[in-house]
Amino acid sequence: WLLASTGENITVTFAEDLPLKFSMPPKGFIKSVLNLLMLAAECAHGSGDIEVVALEGSHGVEIKVSGQKVKFRDGTESALKGEIAVEDLDARTAHPYFSGKLISHFGLRLSAKADEKSGIVAFILEF
């Protein structure tokens, strides 16, 4: 699946067994995955690969972004954790802030990590 908007070249790959492992996901899980896919595309900065795989035991997914310019935008991590006051949100932090709130609203757990040296950002969504 190719995500192409505003000239971006981002390839998204879903593990073949995902539909079987998540035929009955918990409420809000798919919405949360879609929000994280959009965040992953933002972390790719126009070019990269996104891979979505099931966690061991099928209790969540890992969304991994790789590429030459892959990194979190300023404020993304703190916005995801809800560490930014609403009045301090801007165009770049609003989406991660509300994604984090959506994920916690549905009782899901999110961890995110970045390794700029290797050009990888990973989101792990668990239920």
Inter-label distance for Lys69 and Asp49, nm, one decimal - labels placed 7 Å from Cα along Cα-to-Cβ = 1.9
In the full protein assembly as shown, how much of Asp17 is accessible to a 1.4 Å probe, in Å² to the nearest 10?
-> 60
If you plug each phi of the range 52-62 into the Karplus form 6.51 cos²θ - 1.76 cosθ + 1.60 with θ = phi - 60°, what whole-Hz ³J(HN,Hα) values come out, in order, with x for Gly and Pro?
-> 10, 10, 6, 6, 4, x, 6, 9, x, 9, 10
Per DSSP, the loop-located trypsin sites (Lys or Arg not before Pro) within the range 28-97 having at most 15 other beta carbons within 10 Å are Lys69, Arg73, Lys81, Arg92
Quick one: which residues, 5 or more positions from Leu55 or on another chain, have an amide H under 5 Å from its amide H? H modelled 1.01 Å from N in the peptide plane, none for Pro or chain starts.
-> Gly60, Val61, Glu62
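Rounded to the nearest 20 Debye, what is the dipole magnitude of the chain about its Cα centre when Lys and Arg each give +1 and Asp and Glu each give -1 at the C-beta?
On the way: 13 positive and 17 negative charges, 39 e Å.
Dipole size: approximately 180 debye.
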Counting only protein heavy atoms with a 1.4 Å probe and every protein chain in place, the carbon and sulfur fraction of the accessible surface of the chain in whole percent equals 53
Could you bin all the Cα-Cα distances of the chain into 10 Å bins starting at 0 and give me the percent of pairs in each, rounded to whole numbers?
-> 13, 44, 35, 7, 0
Which of the chymotrypsin sites (Phe, Trp or Tyr not before Pro) found in the range 1-109 are in a DSSP loop and have at most 12 neighbouring Cβ atoms, other than their own, within 10 Å?
-> Trp1
Rounded to one decimal in nm, the spacing of the 7 Å Cα→Cβ label points at Met24 and Leu102 is 2.5
On average, how much accessible surface per residue is there in the chain, in Å², for a 1.4 Å probe, leaving out ligands, DNA and RNA?
-> 58
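The values are calculated or read from the model by the stated rules, or taken from the named source; none is laboratory data. Here the structure is a predicted model, which means the values were calculated and not measured. Every residue, glycine among them, receives a Cβ derived from its backbone with ideal geometry; neighbour counts consider all protein chains shown. SASA here: full protein model, heavy atoms, side chains in, ligands and nucleic acids out. Shrake-Rupley method; radii C 1.70, N 1.55, O 1.52, S 1.80 Å.
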